[in-house]
Structure formats: structure tokens, C-alpha cells
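Enquirer: Below you will find the structure I want to go over with you.
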Amino acid sequence: MNKLFTAQEVADRLKIKKTTVYELIKRGELESSKIGKQLRISEEQLNRYLKVNDAPSGEGPARFSDFQPESSLLKRDYLLHSNGLIISGQASPALELLINQMTIHPEGLPVLHSHQNTYNGLYSLYFKKVHAATAALLPEQIPAFVPGVSLAALCLYEYNLGFYIPKGNPKDLVSIQDLTRPGITLANREKGSTCRIFLDESLKKSGITPESVSGYGRELVSDLSTADAVICGRADTALGEEAVALQSGDLDFLPLVKLPMFLVMEKASMDKPGFSALTDIIRSDEFRTSLHNQSGCDTSRTGHLLYL
């Protein structure tokens with residue numbers, strides 16, 4: 001009998017990531033079949049792939065052993081055209097919890113996580129390269145990133161965005177305007193991240209030019225990396241999410257604004273398979289409680305739906 005494998009079973013056998021298996025299928029290098037709504041790879045299909053790549057059973061092909069799929073490789077993944085979802089967003093307890101719960105929900109679908117910041121995720125949603133994107137923006141800001149599209153936004157949680165500062169705030173930082181003071185160096189985030197969007201808008205409102213902020217031109221790609229820069233003394237401050245400062249134990253935190261984190265999708269998608277499962281999970285007591293316990297975020301508005 002021709003045995004059938006799941007994508008995870010193939011990934012385990014080849015010692016690669018499950019997302020790499022999906023990428024091989026997308027590129028046509030590994031054949032697959034759909035059994036009902038499920039993707040399966042037969043033993044014959046797997047053996048053909050192994051033969052072409054000259055890899056003995058149980059050993060991963062050398063040229064894929066270190067393969068790390070970029071978010072750009074997932075944009076046209078087979079899930080866009082079959083029975084799964086691609087959700088964009090930077091790594092967070094909320095997304096991890098949501099994706100894990102989708103695997104066991106009765107109406108859940110396979111989910112691929114495309115690691116992109118707020119701007120790039122909404123851009124991908126606009127061009128239909130992802131099905132949903134997380135965005136830490138005020139509701140009135142979101143439509144400008146996805147013009148002409150009727151949107152639905154589910155609140156995942158709310159959190160404080162502010163300054164990471166050394167213990168005791170030795171430089172006495174209190175506002176965005178302090179970034180222009182001599183001797184103050186900022187660890188900045190990359191363009192398109194929520195921190196960078198907030199900073200650039202705040203600088204513009206305050207009439208501050210980026211050139212007057214030391215460190216503005218050096219970009220880091222996560223709150224963890226900017227927090228580390230402050231801890232190690234490479235910078236005096238950085239903008240980031242409160243939870244990172246609390247988890248580090250080595251930083252103080254100065255809140256500047258409270259922001260909602262939304263899961264944004266097209267309004268028309270709400271009636272499609274899988275999206276009702278997303279809504280059920282986010283609105284469940286289990287999701288709200290687990291998320292609050294893991295991150296300490298404000299979950300009082302979790303599950304609140306807005307149409308934009």
C-alpha cells in the first residue's frame with residue numbers, strides 16, 4: 001500500500017522545517033495530493049523527490065539543511081490558492097497562540113506565518129499576498145495602508161508603547177523631544193514597524209528632523225534587539241513594547257501611548273472558510289486568559305470587531 005505522509009511527517013523525515021516542505025511543493029520539486037481538504041505526500045512521491053536529490057531515506061538533502069524560508073517566499077504559497085491561510089505579523093505570543101489553536105479548532109485550516117512588520121503586512125494584504133495581517137495602529141490609521149478595500153479588524157490585545165531606558169532613567173528622558181538633546185543616542189527600528197511609524201509621526205508633529213536624532217539612521221529589526229542595545233550601553237533609549245522591558249528585568253519603561261493590536265482582513269473574507277475559526281478562537285475565554293498570562297497585555301477588548 002502506498003503510504004501517505006503529512007507535511008510535518010515529511011519535514012521530520014527530511015529533518016527540515018514544515019514550511020520548507022510547503023516551499024518545495026510550491027516550487028514543484030515535491031509532488032503532493034489533496035485528500036479531501038488535507039494535503040498529503042505519498043511514499044512514491046517522496047521517494048521520487050529523494051531520488052532526484054540523491055538523499056537517502058531519513059536524511060535531509062544537504063542543499064536544504066540550512067534553508068530558512070523568507071517571508072517573501074511565502075507570498076505566493078500554495079495556501080493562497082487552496083485550503084489554508086497565510087497570516088502576516090512579527091512573532092508574538094498572540095500569533096503563536098492563535099496559530100496553534102487553529103490546528104485543533106473543528107473549523108480550523110492550516111496556517112503559515114509570514115514574518116513581516118505592520119507596513120509590509122498590510123501592503124501584502126492589499127496585494128492579496130496574505131489573507132490577514134496584524135497591525136498595531138489606531139483604527140483610523142489602518143485604511144490608508146489598504147486603500148479602497150473594506151476591512152474587518154479584530155482586536156487581539158492592547159499594549160503600551162514607550163521608551164526603554166536604563167534603570168533609574170539616568171538621562172532623565174521624558175518625551176520624544178528629549179531625543180534631540182546632546183549625548184542621547186537612539187536605537188531605532190526598521191521602516192514599516194509600528195515603533196518606526198509612531199516615531200516618524202511624532203517627530204513630524206513636533207517639528208523635529210530625523211537628522212537631529214542621534215542613531216536615527218541605524219535600524220534594528222526587533223524590540224529585543226533595540227532593548228539589548230540599551231542594556232549593553234550602545235544606545236540610551238529605544239521605542240518598544242512594554243512586555244520586552246518587563247521580561248528583560250534590566251530596563252525601566254516610560255510609556256508614551258497605548259495601542260491596539262489588530263488582526264486585519266478583508267471584510268469579504270469573514271464569510272470564507274477558516275475565518276470564523278479565527279474569530280471563535282480570538283473571542284474565547286481560553287485565548288484571552290492564556291494571552292494575558294503569557295504577555296501581561298490588556299485583553300479587555302480582545303475579540304472586539306471593527307469594520308473599516
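Enquirer: Got a sec? Which strands (runs of 3 or more DSSP E) wholly within the stretch 227-308 have at least 2 residues that are under 18 Å from the mean Cα position of the chain (by Cα) and farther than 26 Å from TYR216 by Cβ?
Expert: In the stretch 227-308, the matching strands (runs of 3 or more DSSP E) lie at 251-266.
Enquirer: A further question on this structure: Sort through SER206, SER150 and tell me the only one that's open to solvent by 30 Å² or more (accessible area, probe 1.4 Å), touching a residue at least 24 places away in the same chain (Cβ under 8 Å) and touching a Lys or Arg at 6+ places or on another chain (Cβ under 7 Å).
Expert: Answer to the check: SER150.
Enquirer: Here's another thing I want to ask about it. Looking only at the stretch 119-147, count how many residues are within 30 Å of LYS18 (Cα to Cα), outside any loop (DSSP other than H, G, I, E, B) and open to solvent by 10 Å² or more (accessible area, probe 1.4 Å).
Expert: Looking only at that region, the number is 5.
Enquirer: If you don't mind, there's one more thing I want to ask. Among the listed residues SER88, SER82, which satisfies the condition of being closer than 22 Å to ALA243 by Cα, modelled with pLDDT of 50 or more and either of a type in the set (S, T, N, Q) or open to solvent by 20 Å² or more (accessible area, probe 1.4 Å) (or both)?
Expert: Going through SER88, SER82 in turn, just one is closer than 22 Å to ALA243 by Cα, modelled with pLDDT of 50 or more and either of a type in the set (S, T, N, Q) or open to solvent by 20 Å² or more (accessible area, probe 1.4 Å) (or both): SER88.
Enquirer: Suppose the filter is touching a Ser or Thr at 6+ places or on another chain (Cβ under 8 Å) and touching a residue at least 40 places away in the same chain (Cβ under 8 Å); does PHE287 pass it?
Expert: When the stated conditions are applied, PHE287 passes them.
Enquirer: Also, quick follow-up: Is there a residue in the stretch 261-280 that is touching a residue at least 40 places away in the same chain (Cβ under 8 Å), within 21 Å of SER92 (Cα to Cα), of a type outside the set (Phe, Trp, Tyr) and open to solvent by 40 Å² or more (accessible area, probe 1.4 Å)?
Expert: Yes, the stretch 261-280 has at least one match.
Enquirer: What tally of residues in the stretch 243-260 results from selecting those that are open to solvent by less than 30 Å² (accessible area, probe 1.4 Å) and closer than 14 Å to LEU138 by Cβ?
Expert: Of the residues in the stretch 243-260, 2 are open to solvent by less than 30 Å² (accessible area, probe 1.4 Å) and closer than 14 Å to LEU138 by Cβ.
Enquirer: Restricting attention to the stretch 251-285, report how many residues are acidic (Asp, Glu) and in contact with a helix residue (DSSP H, G or I) (Cβ under 8 Å, 6 or more places away or on another chain).
Expert: Within the stretch 251-285, residues that are acidic (Asp, Glu) and in contact with a helix residue (DSSP H, G or I) (Cβ under 8 Å, 6 or more places away or on another chain) number 2.
Enquirer: Which count do you get for residues in the stretch 153-191 that are among the polar types (S, T, N, Q) and open to solvent by less than 10 Å² (accessible area, probe 1.4 Å)?
Expert: Total satisfying the criteria: 1.
Enquirer: Ok, one more. Does the stretch 39-56 include one or more residues that are over 29 Å from ILE282 (Cα atoms) and modelled with pLDDT under 50?
Expert: Yes; the residues of the stretch 39-56 include at least one that is over 29 Å from ILE282 (Cα atoms) and modelled with pLDDT under 50.
Enquirer: Among the residues of the stretch 138-186, which ones are in contact with a Pro (Cβ under 6 Å, 6 or more places away or on another chain) and hydroxyl-bearing (Ser, Thr, Tyr)?
Expert: Scanning the stretch 138-186 gives no hits.
The values are calculated or read from the model by the stated rules, or taken from the named source; none is laboratory data. No experiment lies behind these values; they were computed from the predicted model shown. Every residue, glycine among them, receives a Cβ derived from its backbone with ideal geometry; neighbour counts consider all protein chains shown. SASA here: full protein model, heavy atoms, side chains in, ligands and nucleic acids out. Shrake-Rupley method; radii C 1.70, N 1.55, O 1.52, S 1.80 Å.
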